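First the structure, in the form of structure tokens, and then the observations on it.
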Amino acid sequence: MLNFEPLRAQLREELAYYEGDVSLYFEYLPTGTSIRIGDTQHMVAASLLKVPVIMELYKLAETGHVNLDTQVALRSEWLDSGYGKKKKKGAGYKLTLDELSRLVLEQSDNTALNAVQSVTAKYADSLDSSAYDALDVDFVDTKEANLSMSARAYASFMKCLYFSCYLSADASQDIMAHLAHSTYGGEGRLGKYIPSDVPIAHKIGVAGNQVQSDCGIVYIPERPYLLCVMLGENKERGSEVIAQVSRQAYDYVVKAR
């Protein structure tokens, strides 16, 4: 069994500057061994929350309430240029729910997210439980602050997809495959210093220049692990710190005996 105490010490040293403004969760999936830093620190989740939205869409599809092949025409009130390119297509442009979910996961497209949420909100009462309730995810959501949670809490969504605890194996792997083809931010965060042939299914979060996050599963053969980092920092510096943390975790898992 691998000893992760040296890695725990390395990561604590790397993030010591951010004490009280960082939340990290690492889990070596073959054994469940974990590393937690800022375990109770709630950070603004931002676009990380797009993953549970898509999980709930897929659950509605599994229960027969929606069909992922259904086409949805974009509405003017959904158009959002914050992230993604579908705003440029304009109102009336049609995409299937399957295409919209792929855009949300791969490009973090806000317009596509708004379209998907119009559907999940309509059928919310049809779900036996939301992804949050099913996984008992602890979060804070107030009028004064955006929805916030710890890295450990958010990691529950990624771990659940990995083990197919909310959706079927096929649906879970479909979502993970889209996350592995994320075109936004991966090269500058979790994946920056990791070999390009190592798959990473991940989602980033950007709350302006206040909070930077990246959370995903790194698929090292026979040694997969989950890493989630949420950091109170500007985008440029925060991205580099996350990349350095990711490199330390990867190097340790690859070389450990």
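The values are calculated or read from the model by the stated rules, or taken from the named source; none is laboratory data. Treat the numbers as computed from the prediction; the structure is a model and nothing was measured. All Cβ positions, even for glycine, are placed from backbone atoms using ideal geometry, and neighbour counts span all protein chains on display. Quick note on the areas: whole protein, heavy atoms, side chains included, nothing else; ligands and nucleic acids left out. Shrake-Rupley method; radii C 1.70, N 1.55, O 1.52, S 1.80 Å.
Of note:
- Directionally averaged projected area (convex hull, Cα atoms, the stretch 28-128), nm²: 8.6
- Packing, as the average of other Cβ atoms within 10 Å across residues, places the peptides 225-233, 6-14, 18-26 in the order 225-233, 18-26, 6-14, highest first.
- Mean Cβ neighbour count within 10 Å, used as a protection proxy, ranking 211-218, 150-157 highest first: 211-218, 150-157
- The angle between the Cα long axis of helix 97-107 and the main principal axis of the chain comes to about 30°, on a 0 to 90 degree scale.
- Spacing of the two label points (7 Å from each Cα toward its C-beta) at Q71 and R12, in nm: 5.8
- Each principal axis of the Cα cloud of the chain was taken in turn, and the coordinate range along them, longest first, works out to 54, 36, 35 Å.
- Note on the chain: helix-only mean residue ellipticity at 222 nm, from DSSP H runs of 4+ residues weighted -39500 (n - 2.57) and normalised by residue number, equals -12000 deg cm²/dmol.
- The H on the amide N of E233, modeled in the peptide plane, is under 5 Å from the matching H of V211, Q212, each at least 5 residues off or on a different chain.
- Relative contact order (percent, whole number), the chain, Cα cutoff 8 Å, 6+ residue spacing: 24
- Apolar share of the accessible surface for the stretch 189-238: 47 percent from carbon plus sulfur atoms, 1.4 Å probe.
- Average accessible area per residue (Å²) across the chain - probe 1.4 Å, nucleic acids and ligands excluded: 46
- Just the protein heavy atoms count here, and of the accessible area of the stretch 85-165 at 1.4 Å, carbon and sulfur take up 41 percent.
- Per-pair calculated FRET efficiency, R0 = 41 Å: D170 and E5 via Cβ, rounded to 0.05: 0.60
- Subset of K192/K255; K59/K159; K94/K159; K59/K203; K159/K203; K50/K159 violating a 22 Å alpha-carbon distance limit: K94/K159
- Lys, Arg +1 and Asp, Glu -1 on Cβ, resulting dipole of the chain about Cα centre, debye, nearest 20: 600
- A dipole drawn for the chain from +1 and -1 charges on Cβ atoms has a positive end, and of L57, L79, C228 the residue lying farthest that way is L79.
- Rounded to 10°, Cα long-axis angle of helix 110-122 versus longest principal axis of the chain: 70
- Cα long-axis angle, helix 151-163 against the chain (0 to 90 degrees, to the nearest 10): 70
- R0 of 25 Å, Cβ-Cβ distance Q244-E19: FRET efficiency to nearest 0.05: 0.90
- Counting only Cβ charges, +1 for Lys and Arg and -1 for Asp and Glu, the dipole size of the stretch 94-221 around its Cα centre is about 300 debye.
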